[in-house]
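> After the structure tokens below, expect a handful of questions from me.
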Amino acid sequence: MGFGYAVYFTERLKNRIVRWDPDSGSADVVAGEPIPFAPTQTLLEPDGLAMLGHSELVIADKFHDRVCRLSNGRLHPLELIDQTGHRAPLLTTPPGYESTFITPTGLFTERTGTLLIAFSDDHTIYRRRSNGHLEHLLGIIRNRTYTIGAPRERIPTAEVRSIPIEGPTSVVGLKDGTLYFIERGPQLLRKFNPTSGLESVFPFAQHEAFSRRTQAPESGTLKD
């Protein structure tokens, strides 16, 4: 992720975040290095990055099941508030369910300052407001019993809340409310618009032909 004159990236297997200066070529670890007697300052396979405001780096600390902001060289978990209680256990909730969020991956800061968060193994996408309150956008909460079947190419808005998504990652948003994300389970690039619903960016009819390609075409439209 580029910010100012620097590029920030995750070294997932080394559990750290690196800041690289393309002018000088220097690289510095900014988060994740072990600090004596401070286990909360470590990362475990960090994933997505985003910027909040003008200076705070936000990190998806995937296998610690938290989203952190980096302030003055220290990690601070972001508050994630279910103000509507929609993640609470139900009478039909499977045994062992916990309402906590798990495995955040994709992060994206919207123009309004809100933060989009894709939770891969929670199979959900949320919008976090500046006060920590969460807006559930996509996916079925794990407090409901459901099965994941064959993916559908197009899902109208009226059905979106009843259709599961599988392993969302790498979410981005446009100013009109449209979201794009990778649905990693079925290997799809998805587009969600609150008005038109959920769809695959690339038609299913093209998947078989493109899976046999060894090179990208020299030219063509996006859908081609």
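The values are calculated or read from the model by the stated rules, or taken from the named source; none is laboratory data. Keep in mind that what you see is a predicted model, and the values were worked out from it rather than measured. Cβ placement follows ideal geometry from the backbone for every residue including glycine, while neighbour counts extend to all protein chains displayed. What goes into the accessible areas is simple: the full protein's heavy atoms, side chains included, and nothing from ligands, DNA or RNA. Shrake-Rupley method; radii C 1.70, N 1.55, O 1.52, S 1.80 Å.
> Using DSSP to define loop residues, name the GluC sites (Glu not before Pro) in the range 88-153 whose beta-carbon has at most 11 other beta-carbon atoms within 10 Å.
Counting only loop positions with at most 11 other Cβ atoms within 10 Å, the GluC sites (Glu not before Pro) in the range 88-153 are 98.
> A follow-up question, please. Would you mind getting me the FRET efficiency between residue 147 and residue 23? Use the beta-carbon distance for r and R0 = 30 Å, nearest 0.05. Could you put the intermediate results ahead of the total?
Details: r = 52 Å, r/R0 = 1.74.
That pair, residue 147 with residue 23, gives E of 0.05.
> Ranked from the most accessible area to the least, with a 1.4 Å probe and all protein chains present, what is the order of 191, 175?
Sorted descending by solvent-accessible area, the residues read 175, 191.
> Using a Gaussian network for the chain with springs between C-alpha atoms less than 10 Å apart, which of these wobbles most: 95, 194, 186?
Result for the chain, Cα springs under 10 Å: 95 fluctuates most.
> OK, next. Of the accessible area of the range 112-207, with the probe set at 1.4 angstrom, what percent is carbon plus sulfur?
For the range 112-207, the apolar C and S fraction of the accessible surface comes to 52 percent.
> Additional query: Using the Cα centre as the reference, give the magnitude of the dipole from point charges on the C-beta atoms of the chain (Lys, Arg: +1; Asp, Glu: -1; all else neutral), rounded to the nearest 20 debye.
About 340 debye.
> While we're here: What chymotrypsin sites (Phe, Trp or Tyr not before Pro) does the range 1-109 have in DSSP loop regions with at most 16 other beta carbons within 10 Å? Don't jump to the answer; show the numbers that get you there.
On the way: sites: 3, 5, 8, 9, 20, 37, 63, 97, 101, 108; in loops: 5, 37, 97, 101.
Those satisfying the criteria are 5, 37, 97.
> Could you please tell me the mean projected area of the C-alpha convex hull for the range 114-224, averaged over all directions and given in square nanometres to one decimal? Don't skip to the answer; put the middle values down first.
On the way: hull surface 33.3 nm².
Average of the hull's projected areas for the range 114-224 equals 8.3 nm².
> Quick one: Debye curve from the alpha-carbon atoms of the range 13-128 only, equal weights, vacuum; give me log10 I(q)/I(0) at q = 0.15, 0.20 Å⁻¹ to two decimals.
Here log10 of I(q) over I(0) equals -0.72, -1.14.
> I need the calculated FRET efficiency for the pair residue 201 and residue 9, taking r as the beta carbon distance and R₀ as 22 Å, to the nearest 0.05.
Efficiency for this residue pair is about 0.30.
> Let me ask another. Relative contact order of the range 1-146, please, whole-number percent, based on alpha carbon pairs below 8 angstrom and at least 6 residues apart.
About 16 percent, as a whole number.
> Moving to a separate point now. Student exercise: in the chain, how many lysine pairs 8 or more apart or on different chains have Cα atoms under 23 Å apart?
4
> With every protein chain left in place, what is the accessible area per residue of the chain in square angstrom, probe 1.4 Å?
Counting only protein heavy atoms, the per-residue value for the chain is 57 Å².
> On to the next question. What Kirkwood hydrodynamic radius, in Å, does the range 146-187 give when the mean of 1/r is taken over all pairs of distinct Cα atoms and then inverted?
11.6
> If one computes the Cα centroid of the range 95-116 and of the range 129-150, what distance in Å separates the two points?
Cα centroid to Cα centroid, the span is 9 Å.
> Given 5 Å bins starting at zero, what is the percent of C-alpha pairs of the chain in each, up to the one with the largest pair distance?
1, 6, 13, 16, 17, 16, 13, 9, 6, 2, 1, 0
> May I ask you to compute the full-extension gain from residue 112 to residue 81, defined as 0.36 nm times their residue separation minus their alpha-carbon distance, rounded to one decimal in nm?
Value of the extension gain: 9.3 nm.
> Shape verdict for the range 80-171, please, from the Cα gyration tensor: rounded (a/c under 1.5), prolate (a/b greater than b/c) or oblate.
Values: a/c = 1.73, a/b = 1.17, b/c = 1.47.
Oblate is the answer for the range 80-171, as a/c is 1.5 or above yet b/c matches or exceeds a/b.
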